[in-house]
Amino acid sequence: EDIARQGVTDIINLGDVLYGAMDPAGTADLLMGMDIPTVCGNGDRMLVDGSAVLKGTWKYTLSRLSGEHLRWIRSFQKQISSGSMLAFHASPHCDSSYLLWEVRDGSLVRRETASVAEALSPYGATLVLCGHDHVQYTADLGDGALLVNPGSVGLPAYHDDLPVEHSMVSGSPHARYTIIREGGACIEQRAVEYDWHAAAAQAIGNGRPDWAGWLATGLVIPS
C-alpha cells in the first residue's frame, strides 16, 4: 500500500521471501498476484533444492506451502540485470555470502567501500541492488556507480552463527524498502509503520519468541 501511494510502478524483490514464523502461504499468495521480478535468496533456494535437512523455522515454512508455491519459488532468478543495473540477493557469486560485511578478529564488521567496489568492478554495473543482511544502506562506489540495500520488509533484526556468531539490527520494527528514481539520482529509504505487535504475536503462537522480539523491536536483545 505504501509503494502504491508513492506512485512506484516498477518493483524488484531481492529474495528471502517466505522463510519465517508468520504466514508464508499468505505472503506467497500476495506476491504471486503482484507478479514482481524476484531474485532467489538463500532462504528461497533452501526450500526447494533438497540439499539440506530442514528443521525449526525452515520446516514450519515448508509445511505451509503448496506445490504451486514451490513452483513459483523455482521460477526466481539468480540475478536480474537491465542495462547498467544489476540485482542479486547476497553477492554476485553466492546467495549466502555477505557482500557488505567481513570477518575481522572473530567479529562481523562493515566492509570498506573500496573493497566492495573492487569486488563488483568486473560486472560493470552503475546501479547495484543487494539484500541478505536486512540493513538499509546506500554506498557511492565511485566512477558514477551506486549500491543500494533496501533493508527488510518483514524481519528488521536477527541473530545467526554463520560465518561467525553475529546479530543484524535495524534499530526499529518498521518495514523497510527503498525507492530509486532517475537512475539513482534520488534515493529514498522508506521505513513504514505497520502492526508489528500482531506479527510478533503470530510468531509467539508459532513457537518463536525470538522472532517475536526481533519483529517488535528491530533489535536482538540477549535472553
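The values are calculated or read from the model by the stated rules, or taken from the named source; none is laboratory data. Remember, predicted model here, so these are calculated numbers, not experimental data. For neighbour counting, all protein chains shown are included, and Cβ atoms are generated from backbone atoms with ideal geometry for every residue, glycine included. For accessibility, only protein heavy atoms count, side chains too; no ligands or nucleic acids. Shrake-Rupley method; radii C 1.70, N 1.55, O 1.52, S 1.80 Å.
Here are the numbers:
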read-out	value
Where GLY131 falls short, out of the listed (1) in a loop (DSSP other than H, G, I, E, B); (2) out of contact with any Asp or Glu (no Cβ under 8 Å at 6 or more places or on another chain); (3) touching a residue at least 40 places away in the same chain (Cβ under 8 Å)	(2)
Tabulated pairs, segment 12-29, first crowded, with 24+ Cβ neighbours inside 10 Å, second of a type in the set (Phe, Trp, Tyr), C-beta under 6 angstrom, 6+ apart or interchain	ALA21/TRP211
Search result, residues across segment 176-209 that are in a strand (DSSP E or B) and either modelled with pLDDT under 95 or hydrophobic (A, V, I, L, M, F, W, C) (or both)	ILE179, ILE180, ARG181, CYS186, ILE187, ALA191, VAL192
Some residue of segment 161-175 being part of a strand (DSSP E or B), hydroxyl-bearing (Ser, Thr, Tyr), under 28 Å from ASP23 (Cβ atoms) and open to solvent by 30 Å² or more (accessible area, probe 1.4 Å)	yes
Residue that is modelled with the highest pLDDT, among those in segment 6-33 that are over 18 Å from the mean Cα position of the chain (by Cα) and within 20 Å of ALA87 (Cα to Cα)	VAL8
Residue, surrounded by the most Cβ atoms within 10 Å (Cβ to Cβ), within segment 43-100, restricted to residues that are assigned to a helix (DSSP H, G or I), out of contact with any helix residue (DSSP H, G or I) (no Cβ under 7 Å at 6 or more places or on another chain) and not acidic (Asp, Glu)	GLY43
Residues of segment 103-133 classified as under 17 Å from TYR158 (Cα atoms) and either among the hydroxyl-bearing types (Ser, Thr, Tyr) or in contact with a Lys or Arg (Cβ under 6 Å, 6 or more places away or on another chain) (or both), total	1
Positions within segment 138-160 being more than 12 Å from the chain's Cα centre (by Cα) and open to solvent by 20 Å² or more (accessible area, probe 1.4 Å), in sequence order	THR138, ASP140, LEU141, GLY142, ASP143, GLY144, LEU146, HIS159, ASP160
Complete set of residues in segment 98-128 that are without any contact (Cβ under 8 Å) to a residue 40 or more places away in the chain and among the polar types (S, T, N, Q)	THR113, SER115, SER121
Every residue from segment 1-54 that is touching a His at 6+ places or on another chain (Cβ under 8 Å) and under 16 Å from ALA175 (Cα atoms)	LEU14, GLY15, ASP16, LEU18
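Residue-by-condition table, conditions (1) within 30 Å of MET85 (Cα to Cα); (2) surrounded by 13 or more Cβ atoms within 10 Å (Cβ to Cβ):
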{"residue": "ALA185", "(1), (2)": "yes, no"}
{"residue": "ARG190", "(1), (2)": "yes, yes"}
{"residue": "GLN202", "(1), (2)": "no, yes"}
{"residue": "ASN206", "(1), (2)": "no, yes"}
{"residue": "GLY213", "(1), (2)": "no, yes"}
{"residue": "THR217", "(1), (2)": "no, yes"}
{"residue": "VAL220", "(1), (2)": "no, yes"}
